[in-house]
Amino acid sequence: MSYLADLGEVYLAPNYKREPLVFVKGEGTRLFTDKGEEYLDFTAGIAVCNLGHAHPQLVQVLKEQAELLWHTSNLYYTEPQVRLAKKLVELSFGDKVFFANSGAEAVEAALKLARRWAYQNFGKKKHKFIALKNSFHGRTFGALSVTGQSKYWEGFEPLVPGVVWVEPNDLKGLEEAFDETVCAIIMEPIQGEGGINLLTQEFIYKAKELCQKYSALLIFDEIQTGLGRTGRLFAYEHFGIEPDVMCLAKALANGLPLSAMIAKKEIIDVLTPGSHASTFGGNPLACAVGCKVLEIVSDPTFLEEVDLKGKIIQEKIKALHKKYPEIIKQVRGKGLLIGIEFVIEVKPVYQELLKRRILTTTPKPNVLRLSPPLILNYREIDYCILQLEETIEALKP
Ligand SMILES: *Cc1c(COP(=O)(O)O)cnc(C)c1O
C-alpha cells in the first residue's frame, strides 16, 4: 500500500472506490505508478483519454496556449473557443454550441434548453422528459433525474419532477410515453454505465419519428460514445438519423475538463443573453486542446482504424465466448467501446486482470468494459486477449 493512497483515504471524500494505486505518469496506452510499475490502460480514464496519455501534439498545443491566455470569462470571445465551436458545427448536425466543463453540465444545459424551447413555443404545459431505464446522464440534480438507475438516487430524492420512463428498445412503451406534454427525450445511443447496451435502429427511428410527430426534441447524450469512440465521429452516424441536441464531454479535450451542447439554430437561439451560463465553460486552455483532438479524431483514416480495431477485438472476444460459454455470456459494443457480459461475477476477472497490470472497468456486477485509448496498436489487442484468456483459465471452476 502506498503512503499517498493512505493519505488519500484520510483526506478525500469517501465517494469513490479507488484502487490503492498512485499514478504519476502516462504515455500513450501506459500508466506508471509511483513505484515505477507499468499498467496497460484499457479504461482511458473512462473513455476520456481517447488519444492516450501525454499525446505529444496535445502537450504542445496546451503549452503554447498556457503561455498565451488561460481565462477571460464569457464576456468576451477567445480564439480557441470560437474555433472549436466552428469545427464542432462543421463536423456534426448542429448549428451552434454551448460550452461547459463536465458531462453533467452539458446534460443540464440540454434539459434546460428543451424546457425553455418548449415553454417559448408551446407554453409551460409542455415540460416532460422521456428518459430510458438503465441510463446514465450524470450526478447533478437534473442529470440525475433522467438517470434511469435508482441506485444513484438513494438518499437524494426528491428529484426534478416531470420524467417519464421507458425501457430501452421497447417500441410500444415509447409510443405510449409520448404525448403533447413531452418536451424532449434523452438517450445514449449505447448505454455506457448501464453495461454497454446498444439501442436498436428501430427504437431510435421510432424516437425520431415520435419527436417529429409531437414536436419534442431528440437529445443524444454522446458523452461516452462521441468523438471517435465507436468508430464514427459521433455514434448517431451509425443510425442514419440526426438528433436535435447532442451532449459531448469526456474525450473532448482528452482529459482537460470540457463539455459541449450542440443544437440546431432555431432551438438553441432560445438561450438569449443571461438565460444560461458557465464561468469556466469553453475556457481557452481546454478549447485549444479540443481543437487538436477534433482535428485528429475526425480524420476518416483514423476512424476506419478505430472501427477495424474494434472489429478485431470483438472477434477475438467472441472466439473466447465460444470457447468458454460457461464463463462469458455475451460481447457487445461498437468500435472501442466494448462490454463483456460474464456468466460469473466480474470482480475476480477484473482483479486478475489488474494483477496482470491491465486496467479495466466494471459498469455492472457482471460486465467488464474495455474502453482503451483509440491509439492502441494490434500487439496490445493481442496481449489483452491473451491475458483475458489466461484469466479465464485461472478462474475456470
Ligand atoms: C460520464 C457520463 C456523464 C457524466 O459526465 P461527468 O463529466 O461525470 O459529469 C453523462 N452521460 C454519460 C453518457 C456519461 O458516460
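If you scan the range 135-171, which residues turn out to be of a type in the set (A, V, I, L, M, F, W, C), part of a loop (DSSP other than H, G, I, E, B) and within 11 Å of the ligand (Cβ to nearest atom)?
Taking the range 135-171 as the starting set, the residues that turn out to be of a type in the set (A, V, I, L, M, F, W, C) are 136, 141, 143-144, 146, 153, 156, 159-160, 163-166, 171.
Within this subset, residues satisfying the condition of being part of a loop (DSSP other than H, G, I, E, B) are 136, 146, 153, 156, 159-160.
Across the range 135-171, the qualifying residues are PHE136, VAL146.
Tally time: how many residues in the range 367-383 are out of contact with any Lys or Arg (no Cβ under 9 Å at 6 or more places or on another chain) and not charged (D, E, K, R)? Don't jump to the end; show me each part of the working.
Applying the first criterion (out of contact with any Lys or Arg (no Cβ under 9 Å at 6 or more places or on another chain)) to the range 367-383 yields 368-370, 373, 375, 379-380, 383.
The next check asks that each one be not charged (D, E, K, R); those that pass are 368, 370, 373, 375, 383.
The total comes to 5.
Going residue by residue through the range 288-298, is there one that turns out to be closer than 18 Å to THR225 by Cβ, within 16 Å of the ligand (Cβ to nearest atom) and either under 18 Å from the mean Cα position of the chain (by Cα) or polar (S, T, N, Q) (or both)?
The answer is yes; a qualifying residue exists.
Would you point out which residue out of ILE328, ILE358, ILE268, ILE317 is closer than 16 Å to LEU395 by Cα and touching a strand residue (DSSP E or B) at 6+ places or on another chain (Cβ under 9 Å)?
ILE328
Which residues, counting only those in the range 229-257, are out of contact with any Phe, Trp or Tyr (no Cβ under 7 Å at 6 or more places or on another chain), in a loop (DSSP other than H, G, I, E, B) and not polar (S, T, N, Q)?
Listed by number, the residues that qualify are ARG229, GLY231, ARG232, LEU233, PHE234, PHE239, GLY240, ASP244, ALA249, GLY255, PRO257.
Just to be sure I understand the filter: pairs with C-beta atoms under 6 Å, separated by 6 or more residues or on different chains, first member in the range 191-202 and charged (D, E, K, R), second member within 11 Å of the ligand (Cβ to nearest atom) and part of a strand (DSSP E or B). Which pairs pass?
Close Cβ pairs (under 6 Å, with a partner that is within 11 Å of the ligand (Cβ to nearest atom) and part of a strand (DSSP E or B)) amount to GLU193/PRO363.
Every residue in the range 197-228 that is acidic (Asp, Glu) and either assigned to a loop (DSSP other than H, G, I, E, B) or more than 15 Å from the ligand (Cβ to nearest atom) (or both), please. Before the answer, list the steps.
Here is the first cut: in the range 197-228, the residues acidic (Asp, Glu) are 202, 209, 221-222.
Selection gives GLU202, GLU209, GLU222.
Tell me, which residue of the range 60-110 that is acidic (Asp, Glu) and touching a residue at least 60 places away in the same chain (Cβ under 8 Å) is surrounded by the most Cβ atoms within 10 Å (Cβ to Cβ)?
Of all residues in the range 60-110, those acidic (Asp, Glu) come to 64, 67, 79, 90, 95, 105, 108.
Pick out the ones that are also touching a residue at least 60 places away in the same chain (Cβ under 8 Å) and you get 64, 79, 95, 105.
Details: GLU64: 10, GLU79: 14, ASP95: 14, GLU105: 25.
Of everything passing the filter in the range 60-110, GLU105 is surrounded by the most Cβ atoms within 10 Å (Cβ to Cβ).
Name the residue that is nearest to LEU21 (Cα to Cα), counting only residues in the range 341-350 that are free of Cβ contacts under 8 Å to residues at least 40 places away in the same chain and out of contact with any Ser or Thr (no Cβ under 9 Å at 6 or more places or on another chain).
Of all residues in the range 341-350, those free of Cβ contacts under 8 Å to residues at least 40 places away in the same chain come to 342-343, 345-347, 350.
From the residues that got through so far, the ones that are out of contact with any Ser or Thr (no Cβ under 9 Å at 6 or more places or on another chain) too are 342-343, 345.
Numbers: PHE342: 26, VAL343: 28, GLU345: 23 Å.
Only one residue fits best here, namely GLU345.
Out of everything in the range 233-282 that is away from the ligand (no atom under 12 Å from the Cβ) and among the basic types (Lys, Arg), what residue ends up being farthest from ASN50 (Cα to Cα)?
LYS265
Only the coordinates and a few stated rules stand behind these numbers; no lab work does. Since we're looking at a predicted model, the values are computed, not measured. A quick note on method: Cβ atoms are made from the backbone with ideal geometry, for glycine too, and the neighbour counts reach across all protein chains shown.
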